[in-house]
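Heads up: the structure comes next, in structure tokens.
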Amino acid sequence: MSTPSFMHSNQAIAEGAIAAGCRFYAGYPITPSTEIAESLSGRLPEVGGVYIQMEDEIASMAAVIGASLGGLKSATATSGPGFSLMQENLGFAVVGEVPCVIVNVQRVGPSTGLPTKVAQGDVMQARWGTHGDHRIITLYPSSAQEAFDLTVKAFNLAERFRTPVILLSDAVVAGLLEKVDIPDPADLEVVSRARPTVAPEQYRPFDYSSSDIPPLAEFGSGYRFHITGLLHDESGAPTEDSEVVARWWAYMQRKLDDHLDEILDWDEILLDDADTAVVAYGCTARSAEHAVELARERGHRVGLLKLKTIWPFGDAIIDQLADRIDRFVVPELNLGQIRLEVQRVVGGRAKVEGINRADGLQISPEQILDVIAEKALA
Amino acid sequence: MTLQTSLTLRDYIRVERLPTTWCAGCGLGIILNCIVQAVDHRGLEKDEVSMVSGIGCTGRMSGYVDFNTIHTTHGRAPAFATGLKMAQPDMTVLTVMGDGDAMSIGGNHLVHAMRRNIGMVAIVVNNNVYGLTGGQSSPTTPIGGVSTTSKAGSIERPMDLEALARTLRAPFFARATVNHTASLVKLVERAIEVDCFALIEVISNCHILYGRMNGSPDAVDMIAAMDSETRPTNPALERRKRLPLRVTSSGTKIGADIVDSGDAQMEDLAGRGVIWDRTGSDDLSHRYRDWAKRQA
């Protein structure tokens, strides 16, 4: 059973957050993400949660981490300039292994850019925005339904892996008004962080010697511990011991790399017999899907790989395709951020072409179709 | 210090994390001591207490206390504490910052935590200098103060935390020094009790960096000067010889709001450094949660 309704993607993100158990939101108004804050300012109190508008995005991210340590599933939403400000404390959440969700509804940058126009220019910022090496999870919906579903998944992954999860969206996806099926709570998989079961004196909040993710105690539950942005040992104590730090790096990599089957999400559309694959995500995947339909009508053997998990990058998916695909076409509203990833994995086995613009306009299905048809004739 | 107090203190300290990173004679150890005494006097369970700190010498304090502790990013401690307090309105949140942490990089967060009246004990340790990075001038380096980045003496006007707190209507403001430990303990106790945004400025010493550059390289001399060179501006307090001290740049009379209240505890606290105490309203975290409960 589910309840269908029409809503904008930004509202679907808010509803997804509520359904996933989010009970704290801190944010700062910024176009084109503001509807998420507006929705949650009303919805959270209805379910006993707290919405607070902070003084800026730095503070928003800080409050989200504080509330998560207090035991509440927590989130914030922003757009490019605000996402830049969040990078400092996003790094803290990575190092401190604090579950939280950060939504970035992209607009054209850099800087203030084109505040109301669509772009996908923050894909690499999502990956590498905070300083220092790290792993991160980033999801990206292309419809209102996916906005709901991937928001739930973002919270689930954050709780499961004790990590910040970024949900990218864009100004076009945000504005979609579409049907969204909201499952009954009983039918929805909702993951909550593992809590410690050992005696408090035995609790090691950063026990990265274990094979799985260490449980996270909430403050006030009897498991007192220290959390710091300094690199730390398994107890949370700051350390400069290079052996401990090396152990920490190994853990930080394997904690996501060993679980890609739980993290990676993608759709393959008409790829079975294809010689050309369009790789797309977010609003561009919508144009790409239509372009593939038009190209099929014209007899081109083309399919679509729609990425829903952007980071970690789905190397294995591209790798498999590269053995049987002649051409990859990667339309993006940036100057080729994911195209370079595709090229890296393809490694010369197939042609990789980008269709790129960052002028505030969308890539149309016809623009993609032209590239598919032109090269097929040549 | 009595033996009994020492034993009590040990219970609140992560002894395995000692020694601290602080220099010998640093006022931060004194302040840490006073804070845990106050928690002990209030009879709080350690599970009920959080310490949230920023970056700098003061920022290290949270690592040494056996509470729920967060060593946050530079200047952001009040914002982290705001989120934590929203999740756990009944928790006693001690937010500990240095002068550069609180008033420079974290100025915006401090201002808005005050404005919102988020329930926390906000302790700003003011030693007039950036210590951990090696003695650069801070927002409270006085005019003429020598630092590694103001070798001929600072020419900037220092920030007046009291004036800021008054403007933002912080419900509680007090000042103590590391020379006045009994008062500081009482002030922190009161700040915990009122459960609103309670701000305490603690004048501390950085004899190693600031002192050496400004003619007072000895911790004892520097701390002694906190007694001899500070004075109450309110005659009623002068008579009592118990000092919160310090003439502020705004000329505010210390204890002026409450010294004649007729309330013995209030007058005692005024004598110890409470500059105003207009507490009584709920902090914002309880108001948010109560509102949510009514909606739900």
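The values are calculated or read from the model by the stated rules, or taken from the named source; none is laboratory data. Quantities reported herein were computed from a predicted structural model and do not represent experimental measurements. Because the Cβ atoms are built from the backbone with ideal geometry, glycine has one as well, and the counts that use them run over all protein chains shown.
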task = Hey, can you tell me all the residues within the range A:86-112 that are within 14 Å of chain B (Cβ to nearest Cβ), over 22 Å from A:TYR251 (Cβ atoms) and surrounded by fewer than 24 Cβ atoms within 10 Å (Cβ to Cβ)?
result = A:GLN87, A:GLU88
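In the range A:67-84, which residue that is assigned to a helix (DSSP H, G or I) and either polar (S, T, N, Q) or within 11 Å of chain B (Cβ to nearest Cβ) (or both) is surrounded by the fewest Cβ atoms within 10 Å (Cβ to Cβ)? Write out each step before concluding.
So in the range A:67-84, the residues assigned to a helix (DSSP H, G or I) come out as A:67-69, A:80-84.
In the following step, the residues that additionally are either polar (S, T, N, Q) or within 11 Å of chain B (Cβ to nearest Cβ) (or both) were identified as A:67-69, A:84.
Numbers: A:ALA67: 30, A:SER68: 30, A:LEU69: 30, A:SER84: 19.
For the range A:67-84, the residue satisfying everything is A:SER84.
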inquiry  = Yes or no: the range A:277-290 includes at least one residue that is under 30 Å from A:ALA373 (Cβ atoms), in contact (Cβ under 8 Å) with a residue 12 or more places away in the chain and surrounded by fewer than 18 Cβ atoms within 10 Å (Cβ to Cβ).
reply    = yes
query = Within the range B:82-109, restricting attention to residues that are within 10 Å of another protein chain (Cβ to nearest Cβ), in contact with a helix residue (DSSP H, G or I) (Cβ under 6 Å, 6 or more places away or on another chain) and assigned to a helix (DSSP H, G or I), which residue is farthest from B:HIS286 (Cα to Cα)?
reply = B:HIS109
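Filter the range A:35-60 down to the residues that are charged (D, E, K, R), within 20 Å of A:PHE83 (Cα to Cα) and more than 22 Å from the chain's Cα centre (by Cα) and list them by number. Working first, answer last.
Initially, the range A:35-60 is screened for residues charged (D, E, K, R), giving A:35, A:38, A:43, A:46, A:55-57.
Add one more test, that the residue is within 20 Å of A:PHE83 (Cα to Cα), and what stays is A:35, A:38, A:55-57.
Listed by number, the list holds a single entry, A:GLU55.
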key: Elements of type strands (runs of 3 or more DSSP E) contained in the range A:127-196, each with 2 or more residues being crowded, with 23+ Cβ neighbours inside 10 Å   = A:137-139, A:164-170
remark   = In the range A:276-331, anything out of contact with any Asp or Glu (no Cβ under 9 Å at 6 or more places or on another chain), more than 18 Å from A:ALA144 (Cα to Cα) and part of a helix (DSSP H, G or I) is listed as A:VAL292, A:GLU293, A:ALA295, A:ARG296, A:GLU297, A:ALA316, A:ASP319, A:GLN320, A:ALA322
ask   = Has the range A:238-260 got any residue that is closer than 22 Å to A:GLU201 by Cα, part of a loop (DSSP other than H, G, I, E, B) and at the interface with chain B (Cβ under 9 Å from one of its Cβ atoms)?
value = no
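Let's see how each residue does on (1) modelled with pLDDT under 50; (2) outside any helix (DSSP H, G or I); (3) within 14 Å of another protein chain (Cβ to nearest Cβ); (4) more than 17 Å from B:ALA170 (Cβ to Cβ):
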residue	(1), (2), (3), (4)
B:PRO244	yes, yes, no, no
B:ILE254	yes, yes, no, no
B:ILE258	no, yes, no, no
B:SER261	no, yes, no, yes
B:GLN265	no, no, no, yes
B:ILE275	no, yes, no, no
B:GLY280	no, yes, no, no
B:TYR288	no, no, yes, yes
B:ARG294	no, no, yes, yes
request  = Check whether at least one residue in the range B:9-30 is at pLDDT below 95, touching a helix residue (DSSP H, G or I) at 6+ places or on another chain (Cβ under 8 Å), assigned to a helix (DSSP H, G or I) and away from chain A (no Cβ under 14 Å), and report yes or no.
outcome  = yes
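For the range A:22-40, give me each residue that is within 13 Å of chain B (Cβ to nearest Cβ) and within 23 Å of A:ASP149 (Cβ to Cβ). Give the steps one after another, and end with the answer.
Of the range A:22-40, the ones within 13 Å of chain B (Cβ to nearest Cβ) are A:22-28, A:40.
Result: A:CYS22, A:ARG23, A:PHE24, A:TYR25, A:GLY27, A:LEU40.
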task = For the range A:133-161, enumerate the residues that are within 20 Å of A:MET7 (Cα to Cα) and small (Gly, Ala, Ser).
result = A:SER142, A:SER143, A:ALA144, A:ALA147, A:ALA154
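Does B:ALA38 satisfy the condition of being more than 12 Å from every other protein chain (Cβ to nearest Cβ), part of a helix (DSSP H, G or I), closer than 30 Å to B:ASP290 by Cβ and of a type outside the set (S, T, N, Q)? Full working, then the answer.
Working: more than 12 Å from every other protein chain (Cβ to nearest Cβ): yes; part of a helix (DSSP H, G or I): yes; closer than 30 Å to B:ASP290 by Cβ: yes; of a type outside the set (S, T, N, Q): yes.
Taking the combined requirement at face value, the residue satisfies it.
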message = Being charged (D, E, K, R) and within 18 Å of A:SER33 (Cα to Cα) is true for just one of A:ASP170, A:ASP212. Which residue is that?
response = A:ASP170
task = Determine whether B:ALA122 is free of Cβ contacts under 8 Å to residues at least 12 places away in the same chain and surrounded by 24 or more Cβ atoms within 10 Å (Cβ to Cβ).
result = no
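Residue by residue, here is whether (1) closer than 19 Å to B:ARG190 by Cα; (2) surrounded by fewer than 24 Cβ atoms within 10 Å (Cβ to Cβ); (3) in contact with a Ser or Thr (Cβ under 7 Å, 6 or more places away or on another chain) holds:
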site	(1), (2), (3)
B:GLY56	no, no, no
B:MET91	yes, yes, yes
B:ASP99	no, no, yes
B:SER104	no, yes, yes
B:VAL111	no, yes, no
query = Among the residues of the range A:13-31, is there at least one that is in a helix (DSSP H, G or I), in contact with a helix residue (DSSP H, G or I) (Cβ under 9 Å, 6 or more places away or on another chain), more than 24 Å from A:ASN156 (Cβ to Cβ) and among the small types (Gly, Ala, Ser)?
reply = no
request  = Name every residue in the range A:30-51 that is surrounded by fewer than 23 Cβ atoms within 10 Å (Cβ to Cβ) and among the β-branched types (Val, Ile, Thr), in order of residue number.
outcome  = A:ILE30, A:THR31, A:THR34, A:VAL47
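Of these, A:SER9, A:SER60, which one is more than 9 Å from chain B (Cβ to nearest Cβ), closer than 25 Å to A:VAL118 by Cα and surrounded by 20 or more Cβ atoms within 10 Å (Cβ to Cβ)? First the steps, then the outcome.
On the way: A:SER60 fails: more than 9 Å from chain B (Cβ to nearest Cβ).
Only one candidate qualifies: A:SER9.
Go through A:PHE328, A:PHE313 for me and flag whichever is over 23 Å from A:VAL105 (Cβ atoms) and among the aromatic types (Phe, Trp, Tyr). Before you say what the answer is, go through the steps one by one.
Working: A:PHE313 fails: over 23 Å from A:VAL105 (Cβ atoms).
After ruling out the rest, the residue left standing is A:PHE328.
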A:ILE325 being crowded, with 17+ Cβ neighbours inside 10 Å, under 23 Å from A:ASP261 (Cβ atoms) and assigned by TED's automatic domain parsing to the domain that holds A:ARG296 = yes
request  = Run down A:VAL118, A:VAL64, A:VAL105, A:VAL94 and say which single residue is within 25 Å of A:ASP149 (Cβ to Cβ) and either in a loop (DSSP other than H, G, I, E, B) or of a type in the set (Ser, Thr, Tyr) (or both).
outcome  = A:VAL118
query = Out of the range A:191-230, which residues are in contact with a strand residue (DSSP E or B) (Cβ under 8 Å, 6 or more places away or on another chain) and within 12 Å of chain B (Cβ to nearest Cβ)?
reply = A:PRO205, A:PHE219, A:GLY220, A:ARG224, A:PHE225, A:HIS226, A:ILE227, A:THR228, A:GLY229, A:LEU230
request  = Looking at (1) on the phi > 0 side of the Ramachandran plot; (2) touching a helix residue (DSSP H, G or I) at 6+ places or on another chain (Cβ under 8 Å), find the lone condition where A:GLU97 falls short.
outcome  = (2)
